[in-house]
Amino acid sequence: MSGLRRRSHVTAVSTRAFLLGITLLGTLPLHAQGSGDGFMFRVPTWRLTVETGFAKPRARSDIFDFITSELTLGRGDFASPHIAAALAVRVAPRVEIGFSSGYAGISAESESRKFEGEDDLPILQTTELHRVPLLATARFSLLSPGRSVGRFAWIPRRVVPFVGGGGGAIWYKLRQAGEFVDNESLDIFEDQFESSAWSVGATAFGGTDVSLGARYGLTAEGRYLWAKAPMRQDFSTFNKIDLSGYDASIGLYFRF
């Protein structure tokens, strides 16, 4: 009889402990949802970010001086939408390292500033500028991205500001097609001119993450890129093209 009573006592204690554990775990989502963040059963290791926004090159090298003096384009006409994606891994509580890539490009219509055809019609052309950065980056969160609760749950912080930087390769293509004027003979001719090349660059950025759930949220970022690249092919007589500029973006991130 005593053996039966001991087993019954142990069973009752185990049952109470099990129910207490379930109750504690059950309160975690309620606590996390109260802060709007949710929770995960482990600290996330990877982050995938997709963004879109606005990119504006400085456009300060001599090729841009030439284009803006000869054609009805200003430096601001090289601004464009851009898209980007990044994959990063957590290497310390507030530090991530990763890889990012993006694309920004424009196609702008223009005409000759100084000349027009004998039929009094404008001399028309199209200018394209495309930029693709491939960058290794490091990011530091100014606040802890989240906190662990016991061994079984990780709760993200609602708002986390961050800064970072990196460097890598930059590809560009500059292309012009349409009608042009020979400055010596003043003849009008149709042609196309192109330059493309790879170079190196560096970036610095800062922004804020806003958690919408345990595994995803919004991110807003401002970034500056430093880069110059050689002029090739039809533009080889010009100095290096200035690819530096800034961009602002907003997007989504996913933790896993």
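The values are calculated or read from the model by the stated rules, or taken from the named source; none is laboratory data. Model, not experiment: these values are computed from the prediction. Cβ placement follows ideal geometry from the backbone for every residue including glycine, while neighbour counts extend to all protein chains displayed.
Could you say which residue among Leu121, Leu142, Leu134 is under 30 Å from Asp182 (Cα atoms), in the same structural domain as Leu73 (by TED's automatic domain parsing) and among the aliphatic types (A, V, I, L, M)?
Details: Leu142 fails: under 30 Å from Asp182 (Cα atoms); Leu134 fails: under 30 Å from Asp182 (Cα atoms).
Going through Leu121, Leu142, Leu134 in turn, just one is under 30 Å from Asp182 (Cα atoms), in the same structural domain as Leu73 (by TED's automatic domain parsing) and among the aliphatic types (A, V, I, L, M): Leu121.
Which one is farthest from the chain's Cα centre (by Cα) among residues in segment 202-227 that are farther than 30 Å from Trp154 by Cα and either among the small types (Gly, Ala, Ser) or surrounded by 18 or more Cβ atoms within 10 Å (Cβ to Cβ) (or both)?
Ala227
For segment 167-204, enumerate the residues that are of a type in the set (Gly, Ala, Ser) and in a strand (DSSP E or B).
Selection gives Gly167, Gly168, Ala169, Ala177, Gly178, Ser195, Ser196, Ala197, Ser199, Gly201, Ala202, Ala204.
Could we say that Ala248 is among the small types (Gly, Ala, Ser), surrounded by 14 or more Cβ atoms within 10 Å (Cβ to Cβ) and over 18 Å from Ala84 (Cβ atoms) here?
Considered against the rule, which asks whether it is among the small types (Gly, Ala, Ser), surrounded by 14 or more Cβ atoms within 10 Å (Cβ to Cβ) and over 18 Å from Ala84 (Cβ atoms), Ala248 comes out as no.
Six or more apart or on different chains, Cβ under 6 Å: which pairs go from a residue in segment 95-124 that's among the acidic types (Asp, Glu) to one that's assigned to a strand (DSSP E or B)? Could you list them?
Glu96/Ala88; Glu96/Arg90; Glu96/Arg139; Glu109/Thr126; Glu111/Pro122; Glu111/Ile123; Glu111/Leu124; Glu116/Pro122
Determine the pairs where a residue that is over 20 Å from Leu212 (Cβ atoms), located within segment 140-154, has a partner that is assigned to a loop (DSSP other than H, G, I, E, B) with Cβ atoms under 8 Å apart, the partner being 6 or more residues away or on another chain.
Qualifying pairs under 8 Å: Phe140/Arg94; Ser148/Val43; Phe152/Phe41.
Output the residue which, of all residues in segment 178-192 that are exposed (fewer than 15 other Cβ atoms within 10 Å of the Cβ) and of a type outside the set (S, T, N, Q), is farthest from Thr126 (Cα to Cα).
Taking the candidates together, the pick is Glu184.
Please specify each residue of segment 87-126 satisfying the condition of being more than 22 Å from Pro57 (Cα to Cα), out of contact with any Asp or Glu (no Cβ under 9 Å at 6 or more places or on another chain) and surrounded by 16 or more Cβ atoms within 10 Å (Cβ to Cβ).
Answer for segment 87-126, where residues must be more than 22 Å from Pro57 (Cα to Cα), out of contact with any Asp or Glu (no Cβ under 9 Å at 6 or more places or on another chain) and surrounded by 16 or more Cβ atoms within 10 Å (Cβ to Cβ): Glu96, Gly98.
Residue check: is Gly207 in contact (Cβ under 8 Å) with a residue 12 or more places away in the chain and either within 30 Å of Ile67 (Cβ to Cβ) or part of a strand (DSSP E or B) (or both)? Spell out the reasoning first.
Working: in contact (Cβ under 8 Å) with a residue 12 or more places away in the chain: yes; either within 30 Å of Ile67 (Cβ to Cβ) or part of a strand (DSSP E or B) (or both): yes.
Judged against the criteria, Gly207 is a match.
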